[in-house]
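The values are calculated or read from the model by the stated rules, or taken from the named source; none is laboratory data. Because the structure is a prediction, the values reported are computed rather than measured. Quick reminder, even Gly has a Cβ in these numbers, built from the backbone with ideal geometry, and neighbours come from all protein chains shown.
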Amino acid sequence: MSEQSEPIVAVDGLVAEYDARGGVAVALAGVDLRISRGERLGIVGESGSGKTTLALALGGLLPGNCRLSSGVVSSCGTTVRAGDGRTARADELRTLRREKIAFIAQDPAASLDPTTRIGRQFAVAMKAQGRPMTPDEIDEALSAVRIERPGEVRRLYPHQVSGGMAQRIAIAMAVARRPQLLIADEPTAALDVEVRSEVLSLIVRLAAEHDITLIWVSHDIPAVRRWCTRAVVMNDGRVVEQGPVDRVLVEPEHPYARELVNALRAGAGAGEQR
Ligand SMILES: Nc1ncnc2c1ncn2[C@@H]1O[C@H](COP(=O)(O)OP(=O)(O)O)[C@@H](O)[C@H]1O
Ligand SMILES: [Mg+2]
């Protein structure tokens, strides 16, 4: 099989457990998932269903109290955990995180350093990743996320910009790394409704422009339907349904998926389009 036709993400029977105060919490209870290059996959499911754990597992980014106790996870050609329990070496994980995967977190402010001017942290981050950028190139990257007067914005501190702008800066930094896989974990949850759709369309447009496979974790069913090609529904640490958005998010077969889609559709209100 050529590298192109191999799935960019392959997960088989993945089990993840957290050591928590009250004992062990099973966050992933046997997840199977394949993602092809160029897909835009939406992951939906209620809070606690394991979405973030799955996303972090793809980058080998789980916290120390989380154990992948069974199954396989590989992404962008790196086997994070093999079926025999062997895990990727530290240098393989570093390469995966630095060169192949980028994350956009829910809270943009959390991904920016409050003590450093935006332009400087952009430059430092890119240099650390072996892709130094000139101020002009940074301005270009900021313009690509529709930031006007990027030269002025570069001189600001994160607290001096709005949440929507901070998220667009985080997106610009993630895309500037030219990852193969971009994982956005509820990237608009903290934003106003008006800003949300702009941020989403930006992520989707940039991903398409730069051949980046997108995984997008969201509660926003209408938006996933509009922007993603395929959807996965998670419940209690399992993928209960997956397929094209127009089937899974419109006529789901699994009872839980049906309930979730109906609940979120009702909650989203009549104003949602599509
Ligand atoms: N850092 C953690 N320590 C202990 N348990 C955790 C931690 N993170 C998540 N969990 C548990 O794992 C399960 C899945 O969580 P998570 O992957 O964050 O779900 P989601 O992103 O869908 O809300 C939950 O039951 C949660 O309590
Ligand atoms: Mg989450």
Next on the checklist: For the structure I just gave you, tell me whether G237 is closer than 29 Å to V15 by Cβ and among the small types (G, A, S).
Outcome noted: yes
Checklist outcome for this item: Selection over segment 238-254 where residues are of a type in the set (V, I, T) and without any contact (Cβ under 8 Å) to a residue 24 or more places away in the chain yields a count of 2
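How about segment 65-94: which of its residues are surrounded by 13 or more Cβ atoms within 10 Å (Cβ to Cβ), more than 16 Å from ligand 2 (Cβ to nearest atom) and of a type outside the set (G, A, S)?
R67, L68, V72, V73, C76, T78, T79, V80, R81, T87, E92, L93
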Item to check | Residues of segment 1-45 satisfying the condition of being within 10 Å of ligand 1 (Cβ to nearest atom), in a strand (DSSP E or B) and free of Cβ contacts under 8 Å to residues at least 40 places away in the same chain | outcome: V24, A25
Item to check | Matching residues in segment 28-57 - criterion: being more than 23 Å from H210 (Cβ to Cβ), in contact with a helix residue (DSSP H, G or I) (Cβ under 6 Å, 6 or more places away or on another chain), within 10 Å of ligand 2 (Cβ to nearest atom) and at pLDDT 95 or above | outcome: none
Checklist outcome for this item: Scanning segment 1-43 for residues that are within 24 Å of W227 (Cβ to Cβ) and among the polar types (S, T, N, Q), the one surrounded by the most Cβ atoms within 10 Å (Cβ to Cβ) turns out to be S36
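Matching residues to (1) closer than 25 Å to M126 by Cβ; (2) without any contact (Cβ under 8 Å) to a residue 24 or more places away in the chain; (3) out of contact with any His (no Cβ under 9 Å at 6 or more places or on another chain); (4) among the charged types (D, E, K, R):
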| residue | (1), (2), (3), (4) |
| --- | --- |
| M173 | yes, no, yes, no |
| A184 | yes, no, yes, no |
| L200 | yes, no, yes, no |
| I212 | yes, no, yes, no |
| D220 | no, no, yes, yes |
| V224 | no, no, yes, no |
| R230 | no, no, yes, yes |
| D236 | no, no, yes, yes |
Checklist entry - How many residues does segment 55-67 contain that are in contact (Cβ under 8 Å) with a residue 12 or more places away in the chain and either more than 7 Å from ligand 1 (Cβ to nearest atom) or among the basic types (K, R) (or both)? => result 8
Item to check | helices (runs of 4 or more DSSP H) wholly inside segment 100-184 containing at least 1 residues that are of a type in the set (D, E) | outcome: 135-144, 150-153
